[in-house]
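Each remark here refers to the structure printed beneath this line.
The values are calculated or read from the model by the stated rules, or taken from the named source; none is laboratory data. Just so you know, these numbers come straight off a predicted model, no measurement behind them. Cβ placement follows ideal geometry from the backbone for every residue including glycine, while neighbour counts extend to all protein chains displayed.
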Amino acid sequence: MDKMVTNNFSAGFFKGRKVFITGHTGFKGAWLSYILSGAGAFLKGYALRPGTKPSLFEEIEASLEIDSVFADINDYQHLEDALLSFQPDIVFHLAAQSLVRRSYQQPINTFETNIMGTANLLQALTKLQKKCVSVLITTDKVYENKEWLYPYRETDRLGGSDPYSASKACAELVINSYRQSFFHPSKQDVHNKSIVSVRAGNVIGGGDWSEDRLIPDIVRSLVEQKDIAIRNPGAIRPWQHVLEPIEGYLELATAAHQHPTQFDGAWNFGPATEDHLAVLSVAEMAVKVWGSGTLDIQENPAAVHEAGLLKLDISKARNNLNWKPRMNTAKAVDRTINWYKSFNNRTASAASLMESDIVYYSSLIPR
């Protein structure tokens, strides 16, 4: 087993605590599982088997201390049984259909998984008779996007044009409904739960092999020595390294456990204002770091709708949680592309590359 660091993020808080993670076999779920396993948490994961080849989870599975349940978030009874038999202290909900373009191809599955899957988890939590903090991950795309320069705040109107965005906005409504109906802060001493939702920007980092995501698509083209197709070169997104929101999730879970009524609700985690960048700019950064590659702009007016401009306001996390982004987009792209280069060249294992990123990122956090 690869040696994992123990002095990362909120490691002291999670040591010995029982953490239940849905979607632990996905890209972000695998990173979260690796960090919490290294922090000494007792982990139980609930997810479908990995859906990509390669799979980050499969690459690092031997390095994890985790009990994995491979099942569908839409199977309520299976989910309830897994949760209640484990009796978690903390829950992280990441299970989702998370691809915008796939949501056009599979809208029913997207709505079922993202809305009812979230409702299933919350319903199971109503049966849990102990103190528990739940951090439910949605997306920055939950806002009714008017494509203006104004960055969206947690109090702004929810909405969504495509099935993915709409499903996640609906998930936020479900979360708030359960919070108000079953986990109201005024009755915290009765239910002993804190329900948190988190909305992160466009997350990049080593180990994502999903389809229709910018960096994985770029890397596949570079490895195969093909031109890199860029669909929406002018689209502006809030780019951030995967460790940025994960630090936020961990800090938020810690704070909510200690002060349950002060930290429940919705939270944005995104980059600094200057790191809301166009797709073309990020693609050019990636090619420069790789050292080769040709961009092929393929704008298609008949393509399915994807938002052109999206910015997040992270004032709440800055002011109330003392969280802030540590890496700018250039550094995030640099570390991400070099991660893939090393993995592709087989000069380092996925676990050791993750370890390197964690050590680097931890060095940026004041102690």
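Scanning the stretch 231-243 for residues that are modelled with pLDDT of 95 or more and touching a Lys or Arg at 6+ places or on another chain (Cβ under 7 Å), we see that the one that is nearest to Glu284 (Cα to Cα) is His241. In the condition set (1) over 27 Å from Val91 (Cβ atoms); (2) exposed (fewer than 14 other Cβ atoms within 10 Å of the Cβ), Tyr340 is compliant with all but (2).
For the stretch 224-237, enumerate the residues that are touching a helix residue (DSSP H, G or I) at 6+ places or on another chain (Cβ under 6 Å) and not polar (S, T, N, Q). Outline the logic, then answer.
Just the residues of the stretch 224-237 that are touching a helix residue (DSSP H, G or I) at 6+ places or on another chain (Cβ under 6 Å), to begin with: 228, 230, 232-233, 235.
Answer for the stretch 224-237, where residues must be touching a helix residue (DSSP H, G or I) at 6+ places or on another chain (Cβ under 6 Å) and not polar (S, T, N, Q): Ile228, Ile230, Pro233, Ala235.
I'm checking my understanding of the structure. Among residues of the stretch 222-247 that are part of a helix (DSSP H, G or I) and crowded, with 21+ Cβ neighbours inside 10 Å, which one is farthest from the chain's Cα centre (by Cα)? Only one residue fits best here, namely Leu222.
If you check Ala124, Ala71, Ala96, Ala119, which single one turns out to be among the small types (Gly, Ala, Ser) and under 21 Å from Glu211 (Cα atoms)? Walk me through it before giving the result.
Values: Ala124 fails: under 21 Å from Glu211 (Cα atoms); Ala71 fails: under 21 Å from Glu211 (Cα atoms); Ala119 fails: under 21 Å from Glu211 (Cα atoms).
On inspection, the qualifying residue turns out to be Ala96.
Which one of Pro88, Pro50 is out of contact with any Gly (no Cβ under 9 Å at 6 or more places or on another chain), surrounded by 19 or more Cβ atoms within 10 Å (Cβ to Cβ), modelled with pLDDT of 95 or more and in a loop (DSSP other than H, G, I, E, B)? Before you say what the answer is, go through the steps one by one.
Numbers: Pro50 fails: out of contact with any Gly (no Cβ under 9 Å at 6 or more places or on another chain).
Just a single option satisfies the conditions, and that option is Pro88.
Counting only strands (runs of 3 or more DSSP E) that sit wholly inside the stretch 255-367, those with at least 1 residues that are out of contact with any His (no Cβ under 9 Å at 6 or more places or on another chain) and among the acidic types (Asp, Glu) are 295-297.
Report, by residue number, each residue of the stretch 180-194 that is of a type in the set (D, E, K, R) and at pLDDT 95 or above.
Here is the first cut: in the stretch 180-194, the ones of a type in the set (D, E, K, R) are 187, 189, 193.
Within the stretch 180-194, Lys187, Lys193 qualify.
Taking each residue of the stretch 206-229 that is in contact (Cβ under 8 Å) with a residue 12 or more places away in the chain and looking for partners that are among the acidic types (Asp, Glu) with beta-carbon atoms closer than 6 Å, six or more apart or interchain, yields Asp227/Asp296; Ala229/Asp296. Listed conditions (1) buried (at least 21 other Cβ atoms within 10 Å of the Cβ); (2) aromatic (Phe, Trp, Tyr); (3) in contact (Cβ under 8 Å) with a residue 40 or more places away in the chain are all met by Phe57, apart from (3).
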